[in-house]
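Working notes, beginning with the structure itself.
The values are calculated or read from the model by the stated rules, or taken from the named source; none is laboratory data. A quick note: this is a predicted structure, and the numbers were derived from the prediction, not measured. Please note: Cβ atoms are built from the backbone with ideal geometry, for glycine as well, and neighbour counts cover all protein chains shown.
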Amino acid sequence: AGVENSKRADRRLLIVANRHPVTVKRTTDGQYSYNISSGGLVTGLSGLPPSLKDNSVYYGWPGIDVPPQEVEEVEAGMADKGGVPLWIDGRLMDMHYNGYSNSIVWPLFHYHANEMTFEEGPWEAYVKVNRLFAKKVAEDVRDNDIVWIHDYHLMLMPKMLREEMRNLNKKVRNLKVGFFLHIPWPSSMEFMKLPYREEVLESLLNADLCGFHTYDYARHFLSACHKILGLTTSPNGVMFDGRNVHVGAFPIGINPEKEVSAMKKENVISRVKELKEGSFKDKTVVISVDRLDYIKGLPHKFHAFDMFLENNPDFVGHAVLLQIVVPSRQDVKEYQILRSHISELAGRINAKYGTVTYQPIVYRHTSVPHDELVAMYALADACFVTSTRDGMNLVSYEYIACQYENHGQLVISEFAGAAQSMKGSIVINPWDTNDMIAALRKALTMSEAKKEENWKKMWDYVNTYTSANWGISFVDELTSIGTGEMPDVLT
Ligand code: GDG
C-alpha cells in the first residue's frame, strides 16, 4: 500500500501503550526530564514514518507519580513530544505491571508456565488499569480516529473502550480499533492455562484487527478462539458477535537508516577504532544485547560459549563474548534470581579460561547509549541470539544494519520470531549445546564471500520490512476494513 493511503490521510492515530515512550524523571534539582524509553516496543514505534507520526497522539503511563500542582508542567513537557500521560497511581501501576502482566501473561506467553506466580490482587489491578486507559481514550476519541492498542498489558482495553464509549453515550463515526501483540501468542494448549482466558479473548475480539509478528502466532490465536470460545475462524479472521474480526501477521522491523547514519558519525567511527585497537585488539568478538530476562536464554548461551571454548582451543585467548544485559523488571523475584545466576556463570567461565590479558566473557549489566551500542554492533564478528522464546527480536536486525561493511553473521534461535524471516542466518536450537557450538564455529570461520552473500539476504530483509513498513501495513489494513462489516457509528 502506498504511503499516502487516502483512507488513512487526515485521520488521527491514537497510539496506546502501557508505558509512554517518553519516561519522565525528576532530577535532583526538582526539574523534570523527558527521555525516550528503551526496549523493543519503543524501537518499533519510534521508526514509524512521518505520514503516521505527524498525526498521532501517544497515550501511556509516564513512569512517575507527579504532585497535582506540577501536573500541568509535565503535561506541557510531554505534549511537545505528542504525548498524553495517564495519571495512574504508581502503586496500582506497579501491581498491574509486575502482577498479572509480568508474573502471569509474560511467562505463560513465552512458554514458561512454571515461572508464573500468583499473588492477591493482580487481576483486579490489571482490570483497573485497563479500565482507566479505556476511560481516558473513550473521552478523547472523535470521528474517523484510529486507535492502536499495544501489547499484553492492555488486552482488556478493546472491550472496555467500547463499554466506556457507551457509558458516555458517545457516538463516533468510522472509528477503527486495532490491537498489536509484541510478544508471542502461544499454542492454544499453552494459552488455555491462562487465568481469565475467556475475558482476555473476548476483549481482544472487540478490536477490528488483531495483529501479531508471525503467522504462527496469528494461527495460535485463531485456534484459541475456536477451542476456548467455540468460534468459527478463517485463516485471517474470526466471527464474533456477528462481525468478522480481522487477524493477521505484521512483522515489526527497525529503522535501518537510524543505525546506518549513527555508524557514519565521527564519534562512532573513532569509538570502533578505539575498541578494536584497545580492549578487543586481535579478538574475535561475538556480541549479544538482551534485556535481563529469562526468555533470552542467557544461561544457555553462557554454557554454550563455555563448551565452544572447550571444544575449540584455537579460539581460547581470542574469542570474546561481549554481553550487554540491560536491567529490566528488577522488582520481580525471578529476574533477581536470574541476575545473580548469570553473574556467577560469567565469573566461573572467566576464571576457567581467563588470563591477566584475556577475559572470554565481557559482561556488562547496564543500558548503554545508542551510539555506543552501534559501535559495539559494528565491531563484532557475529551476533548470538539464544532466546528460548522471543516475539521477534530487534537486536538481530540492528546488528545486520550495523554490519554494512564487515558482513558479520547472525546466529539466532529458531524460537525468536526473527529467525523465520532472516534467511541467511545460522539458526540454532538454544537447548542443544552442540548445535550452538557448531554454529559459532561456522559463523566465525566462514569465507568472506559466503559471509557477504548471507549478510546481503538479511540486509535486504531488514531494509524492506522496516518499522515504517510495519506501521503502514497495520494501519492500512485497519483502515481498509469495510464499514459494511461494522456498524458505521460505534457507541
Ligand atoms: C519486545 C519483544 C519484540 C536494548 N538495550 C539498549 C537498547 N536496547 C534496544 C535495542 C532494541 C530494543 O531495545 C530491544 O528489542 P528486542 O526486540 O530485541 O527485545 P524486547 O525489548 O524484549 O522487545 C521482542 C519487540 O518487543 C518489538 O515488538 O521484537 O520480541 O520481547 O531496539 O537496541 N537501546 C539502547 N541502549 C541499551 O542499552 N540505546
Item to check | Matching residues, segment 301-312, being more than 16 Å from the ligand (Cβ to nearest atom), in a helix (DSSP H, G or I), in contact (Cβ under 8 Å) with a residue 12 or more places away in the chain and not aliphatic (A, V, I, L, M) | outcome: F302, H303, F305, D306, F308, N311
Checklist entry - Would you say D94 is touching a residue at least 60 places away in the same chain (Cβ under 8 Å) and of a type outside the set (A, V, I, L, M)? => result yes
Item to check | Whichever residue in segment 34-90 is modelled with pLDDT under 85 and assigned to a strand (DSSP E or B) and, among such residues, is farthest from V462 (Cα to Cα) | outcome: G83
Checklist outcome for this item: By residue number, the members of segment 396-416 that are surrounded by fewer than 23 Cβ atoms within 10 Å (Cβ to Cβ) and either of a type in the set (A, V, I, L, M, F, W, C) or touching a residue at least 24 places away in the same chain (Cβ under 8 Å) (or both) are Y404, E405, N406, H407
Next on the checklist: Among the residues of segment 378-392, what is the count of those that are surrounded by fewer than 24 Cβ atoms within 10 Å (Cβ to Cβ) and within 9 Å of the ligand (Cβ to nearest atom)?
Outcome noted: 1
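Answer with yes or no whether V316 is surrounded by 21 or more Cβ atoms within 10 Å (Cβ to Cβ) and of a type outside the set (G, A, S).
no
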Checklist entry - Which of the residues belonging to segment 172-220 are away from the ligand (no atom under 16 Å from the Cβ), crowded, with 20+ Cβ neighbours inside 10 Å and not in a loop (DSSP other than H, G, I, E, B)? => result K176, V177, F191, V200, L201, S203, L204, L209
Checklist outcome for this item: Pairing a residue in segment 358-376 that is over 17 Å from G39 (Cα atoms) with any residue that is outside any strand (DSSP E or B) and among the small types (G, A, S), where Cβ atoms lie under 8 Å and the two sit 6 or more apart in sequence or on different chains, gives Y358/G317; P360/G354; I361/A346; V362/S279; Y363/S343; Y363/A346
Checklist entry - For L132, are the conditions met, namely being over 29 Å from V172 (Cβ atoms) and modelled with pLDDT of 95 or more? => result no
Next on the checklist: Show the residue pairs meeting these rules: Cβ distance below 7 Å; 6+ apart or different chains; first residue within segment 32-55 and over 16 Å from R12 (Cβ atoms) and within 9 Å of the ligand (Cβ to nearest atom); second residue among the polar types (S, T, N, Q) and part of a loop (DSSP other than H, G, I, E, B).
Outcome noted: S38/S367
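Of the residues S288, S261, S270, S279, which single one is polar (S, T, N, Q) and part of a strand (DSSP E or B)? Give the steps one after another, and end with the answer.
Values: S261 fails: part of a strand (DSSP E or B); S270 fails: part of a strand (DSSP E or B); S279 fails: part of a strand (DSSP E or B).
Step by step, each of S288, S261, S270, S279 is checked, and only S288 is polar (S, T, N, Q) and part of a strand (DSSP E or B).
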Checklist entry - Considering only segment 457-484, how many residues are loosely packed, with under 13 Cβ neighbours inside 10 Å and modelled with pLDDT of 95 or more? => result 1
